[in-house]
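The numbers here are math on the coordinates, done by the rules we state, and not lab data. In this text the structure is predicted, and so the values were computed from the model without any measurement. Heads up, the Cβs are rebuilt from the backbone with ideal geometry, glycines too, and the neighbour counts pull from every protein chain shown.
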Protein chains: 2
Amino acid sequence: MTVNLGIDVGGTGIKGAAVSADGALAHRSERATPAQDMDAIGGAISDLVRELADRCERDGQTVGAVGVACAGFIDASGSTVLFAPNLAWRDAPLKARLEASVGRPIFLENDANAAAWGEFRFGGARDADDMLLVTIGTGVGGGIVSDGELLRGSEGIAAEIGHMRVVPEGIRCGCGNRGCLESYASGTALVREARELVSGGSPHAGALSDLCGGDPAALTGQMVTQAASAGDPAATELFADLGRWLGEGIASMVALLDPELVVIGGGVSEAGDLLLAPTEAAFARQLTGRGHRRQADIVLALLGNDAGMIGAADLAARRAGAAAGE
Amino acid sequence: MTVNLGIDVGGTGIKGAAVSADGALAHRSERATPAQDMDAIGGAISDLVRELADRCERDGQTVGAVGVACAGFIDASGSTVLFAPNLAWRDAPLKARLEASVGRPIFLENDANAAAWGEFRFGGARDADDMLLVTIGTGVGGGIVSDGELLRGSEGIAAEIGHMRVVPEGIRCGCGNRGCLESYASGTALVREARELVSGGSPHAGALSDLCGGDPAALTGQMVTQAASAGDPAATELFADLGRWLGEGIASMVALLDPELVVIGGGVSEAGDLLLAPTEAAFARQLTGRGHRRQADIVLALLGNDAGMIGAADLAARRAGAAAGE
């Protein structure tokens, strides 16, 4: 049996697993991310790949392709990390470095693209041909599959959907611009709004204030989710606001892409209907041509944090096959 | 020699021509559009196709495929006009109707998609693999080519780029929503702003006021272009405003699509650098990740009003070939 390896490089951890042809995971393992040190991160990835390959081979499995998903702009050839905001990589030749260290071909992919491919092949969009993944975590990311193919763009950096501008002269974004969707529809935005609410001392914010012991800086996204799940009106409103921005942003993306299905993933999507219901309502109210077109379904992602590993492994297998002329 | 026929159905005229394999046009002909009468429009298209086919055959040319571009949502199978705002068609089975009348296979396409394909194959983007066409006319339309293929979307109605929302609670759009790009970056927006300026009686609007004899309702887009071309500061500012909205909107689209090239077409693009210069400046200021990526070029369309006919004919030839298993 041949398995492929999928690695997902995040800001705090590097996760890896063997992925079978039907998307199932085995031999999970993990390393801490040596932050801000490109050489050390490369070393940790190589070490993880070697560990996984050894474990697979001891189990009698053949290791096929190796895919590595990481945040940032990956160039069109899948060789170089052009820019990774949270990892301090600039024009880093990660593919060549890993291949030299591991002795196997490595295929790089942007983490949101890899997650989109995972959801497309084995998750929430496994029955669709055209899909858009929107991930709501610290930031807003995404991936696009059009007619069964990942849309990577000319430079390999398509689907930077968190950086569509939704408000002229709006809130400053980490990318340097103002008014990006990410500044309104991310987990960071949710916490910012919740902290402002608590800081204001409104009696409406009582439950949130209690959860953080009256210290706005101690408030987390999990606390907001917890309060909303328990029925707190203020926390529920914060999710409603986030969902409205998200649904309206999705309406713009659907005007461009006309996907069959929109899949919502990322940590904040674990709030489920608290997020999905206002998102769907805003989308239905904002989609251009509504009433004269089928309205794309919006569903929750199914693969959670495994989507990137699964997608990276499956994309690597496809690319290795294509490279071999299969 | 085999030629394909391209037909472009507009709100006032139906144009057609024979299109050779290298995109050259011959045997141009035209009919007036019998507005709001679906049966009569179908009859006029059929009549035009028969005329063109007769003329080609008299010249010893074989007529291959027939492509028809028209405004509106065309379904994914290319059979039905789901919704055409300016032609009053709703779920109109145009393909079947034309085929019954003409006795040849007909391939329908949205007019902006057809124009994008024309520019991609033979016009401003003939050397690109990934491109975005933005047409600035009465409205704002567009077409997307990704990795050499027209991106039609799951329902065939992708690239409705004029209906991305750029201003929450903004100006009402013809689509029913508020704040669409079309409400800020179209020829209609240009004329609206110019008329407001003249109505206000500002001395700054003197040249524009003179051109329309002091009657704001008589002011046209051509007059604004004429004044700007002659160096009138107020008219130049109106183009600068339009270009800013356009360039900022393109930055959002490029964040999603990462095209190699953006082609600007449509009637307003005839203003050339008056539009292009502020568009490029705003795009360069707004593109996310600038400095860490190649900046897509923005160029003017080359095929003018012929792009739709050329693209419709070439797409029809490809689809006829695919249907025949070539």
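Some notes on this structure:
- Helices assigned as whole DSSP H runs in chain B whose Cα atoms extend at least 15 Å along their own long axis and whose mean Kyte-Doolittle hydropathy is 0.5 or higher are found at B:233-257, B:307-323.
- Note on chain B: GNM, Cα springs under 10 Å; of B:G141, B:G153, B:G176, the largest mean-square fluctuation is that of B:G176.
- When the Gaussian network model of chain B links Cα atoms closer than 10 Å, the mean-square fluctuations of B:P278, B:P216, B:P168 top out at B:P168.
- Residue order, fewest to most surrounding Cβ atoms within 10 angstrom, among A:T135, B:T33, A:T236: A:T236, B:T33, A:T135
- Legend: calculated FRET efficiency, B:A26 to A:I171, from the Cβ-Cβ distance at R0 = 60 Å, rounded to 0.05, equals 0.60.
- What separates the A:G321 label point from its copies, with the point 7 Å along Cα to Cβ, is 2.6 nm, written shortest first.
- For a straight C-alpha distance cut-off of 22 angstrom, the lysines reachable from A:K95 (same-chain residues fewer than eight places away being disregarded) are A:K15.
- The magnitude of the dipole of chain A, with charges of +1 and -1 set on the Cβ of Lys/Arg and Asp/Glu and taken from the Cα centre, is near 340 debye.
- In this structure, the amide hydrogen of A:T33, modeled 1.01 Å from its nitrogen in the peptide plane, lies closer than 5 angstrom to those of A:G13, A:I14, counting only residues at least 5 positions away or on a different chain.
- Amide H contacts under 5 Å for B:A65, placed H, 5+ residues apart: B:L5
- Between B:D39 and B:A322, the FRET efficiency estimated from the beta carbon spacing at R0 = 45 angstrom works out to 0.90.
- Mean separation of Cα contacts under 8 Å (6+ apart) over length of chain A, as relative contact order %: 21
- Residue among A:A235, A:Q295, A:H163 farthest towards the positive dipole end of chain A, charges placed on Cβ: A:H163
- Taking amide H as placed 1.01 Å from N in the peptide plane, the amide H of B:A296 sits under 5 Å from none that are at least 5 places away or on another chain.
- Coordinate range along principal axes, alpha carbons of the protein assembly as shown, Å, largest first: 75, 62, 43
- Bridge type composition, chain A - antiparallel percent by DSSP, nearest 5: 55
- Based on DSSP H segments of at least four residues, each scored -39500 (n - 2.57), the protein assembly as shown has a per-residue ellipticity at 222 nm of -12500 deg cm²/dmol.
- Take each residue of peptide B:176-183, count the partner chain Cβ atoms within 10 Å of its Cβ, and average: the result is 3.
- Cα centre as origin, Lys/Arg/Asp/Glu Cβ charges: the stretch A:231-326 dipole, Debye: 420
- Rounded if a/c under 1.5, otherwise prolate or oblate - the stretch B:60-151, Cα gyration tensor axes: oblate
- Partner shielding of B:163-175 amounts to 4, given as the average count of beta-carbon atoms from other chains within 10 Å of each residue beta-carbon.
- Counting Cβ atoms of other protein chains within 10 Å of each Cβ in A:257-270 and taking the mean gives 2.
- Evaluated with a Cβ-only charge set (Lys, Arg +1; Asp, Glu -1), the protein assembly as shown carries a dipole of roughly 40 debye about its Cα centre, given to the nearest 20.
- Simple spin-label estimate for B:D210 and A:A100 gives 7.0 nm between the two label positions (7 Å along the Cα-to-Cβ direction from each Cα).
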